[in-house]
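Would you mind keeping the following structure in view while I ask a few things?
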Amino acid sequence: AGRRLVPEFFNEQVTPEVLGPALLDQLQRPDRDALVQTFTGIHCTLRRNANEQAANAIIELLKTRT
């Protein structure tokens, strides 16, 4: 994303007392719709149609065995 989108929590920070309020903050962000669009864009960029590539690899493998 090239910028900080959401807070990160590590190890001892991961407790209900820390994560609960942080989650509520994220759900109530005024720019939440824009954030969801940003994450959707990142998802589309990273996805690379893995399921289609896997299916094609299996089809090619099956062709060599017949």
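The values are calculated or read from the model by the stated rules, or taken from the named source; none is laboratory data. Every value quoted in this text rests on a predicted model; they were computed, and no experiment measured them. Every residue, glycine as well, gets a Cβ built from its backbone with ideal geometry; the counts of neighbours run over all protein chains shown. Accessible surface is based on the protein model in full, side chains and every heavy atom, while ligands, DNA and RNA are left aside. Shrake-Rupley method; radii C 1.70, N 1.55, O 1.52, S 1.80 Å.
Scan the chain for GluC sites (Glu not before Pro) in coil per DSSP, keeping those whose Cβ has at most 11 other Cβ atoms within 10 Å, and list them by number.
Those that pass, being in a loop and sparsely packed, are E8.
Another question, then. From the C-alpha gyration tensor of the chain, pull out the three semi-axes of the equivalent ellipsoid (sqrt of 5λ each), sorted largest to smallest, in whole Å.
Whole-Å semi-axes of the equivalent ellipsoid: 39, 17, 10.
I've got another one for you. Once fully extended, how much extra length lies between Q53 and T40, figured as 0.36 nm per residue of separation less the alpha-carbon to alpha-carbon distance?
2.6 nm
At 1.4 Å probe size, with no ligands or nucleic acids counted, give the accessible surface of L5 in Å², nearest ten.
Roll a 1.4 Å probe over it and L5 shows about 20 Å².
Using the charge dipole of the chain (Lys, Arg: +1 at Cβ; Asp, Glu: -1 at Cβ; taken about the Cα centre), state which of V6, V36, L23 has its Cα farthest towards the positive end.
So the residue furthest toward the plus end is V36.
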